[in-house]
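Below: the structure, in structure tokens.
The values are calculated or read from the model by the stated rules, or taken from the named source; none is laboratory data. All values derive from a computational prediction rather than experimental measurement. Using ideal geometry, Cβ is built from the backbone for each residue, glycine included, and neighbour counts are taken over all protein chains shown. Accessible surface areas use protein heavy atoms only, side chains included; no ligands, DNA or RNA. Shrake-Rupley method; radii C 1.70, N 1.55, O 1.52, S 1.80 Å.
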Amino acid sequence: APQHRPTQYQFKLVLLGESAVGKSSLVLRFVKDKFDEYKESTIGAAFLTKTLTLESEDKVKFEIWDTAGQERYKSLAPMYYRNANCAIVVYDITQAASFQRAQTWIEELKKQAESDILILLAGNKMDLEDRRTVSSVEGSTFAAKNGLLFSETSAKDATNTFTMFQNLAIKLAETR
Ligand code: GDP
């Protein structure tokens, strides 16, 4: 039988969401399997790569763009999400306003980004269950209505973090 030659995919991934929802913490957990409780909000550390090997032996390399604090300004430079293949839009399950903000980012992406961009909505800080103000159903319902992938995560205790990125990689490899 002819040998299957693994495909090497490369995707540009951007992270969006209100300041302090945990965007860079999710990236740090995924790329280095670390968490920093006292880290300052992102300054500068804007670009990281990570390669995953799928069960099919195909490789998916993510070029990850973190906003480097730009989300504090009114609008994000379009170069940030230009040519992005996928976006993770993050909110904090304890901050309802960050969920509203995530919905605004998603509208902006749908208007400004590539039409085939794959968007994943992530409700982070699920370790803070006792302070939750956005229910899982609210998150998943919004995602389903808008054709988005959905995860709830904790960068702190690593719940669903790898799975989220892996599911994104599988979906991208399937459709690209
Ligand atoms: P960013 O501004 O969206 O990149 O957010 P950061 O990654 O800088 O995180 C903001 C704050 O939230 C930091 O103090 C993090 O330690 C904390 N944080 C991030 N993710 C989690 C999480 O999953 N659970 C908890 N409890 N705290 C988190």
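Among (1) closer than 27 Å to Lys34 by Cβ; (2) free of Cβ contacts under 8 Å to residues at least 60 places away in the same chain, which single condition is Glu114 missing?
(1)
For region 115-158, which positions are hydroxyl-bearing (Ser, Thr, Tyr) and open to solvent by 30 Å² or more (accessible area, probe 1.4 Å)?
Within region 115-158, Ser115, Thr133, Ser135, Ser136, Ser140, Thr141 qualify.
Take region 23-77 and flag every residue that is part of a strand (DSSP E or B) and at pLDDT below 85.
Within region 23-77, Phe47 is the sole residue that qualifies.
Given (1) touching a strand residue (DSSP E or B) at 6+ places or on another chain (Cβ under 6 Å); (2) open to solvent by less than 40 Å² (accessible area, probe 1.4 Å), identify the lone condition not met by Asn85.
Asn85 satisfies every listed condition except (2).
Could you grab me the full set of residues in region 103-132 that are among the β-branched types (Val, Ile, Thr) and either out of contact with any helix residue (DSSP H, G or I) (no Cβ under 7 Å at 6 or more places or on another chain) or within 14 Å of the ligand (Cβ to nearest atom) (or both)?
Across region 103-132, the qualifying residues are Thr104, Ile106.
Residue pairs, Cβ under 7 Å, 6 or more apart or interchain, first in region 7-27 and free of Cβ contacts under 8 Å to residues at least 40 places away in the same chain and under 25 Å from Glu37 (Cβ atoms), second in a loop (DSSP other than H, G, I, E, B) and within 8 Å of the ligand (Cβ to nearest atom). List them.
Val27/Asp66
Which ones in region 159-176 are over 19 Å from Gly147 (Cβ atoms) and either of a type outside the set (Val, Ile, Thr) or open to solvent by less than 10 Å² (accessible area, probe 1.4 Å) (or both)?
Asn160, Thr161, Phe162, Phe165, Gln166
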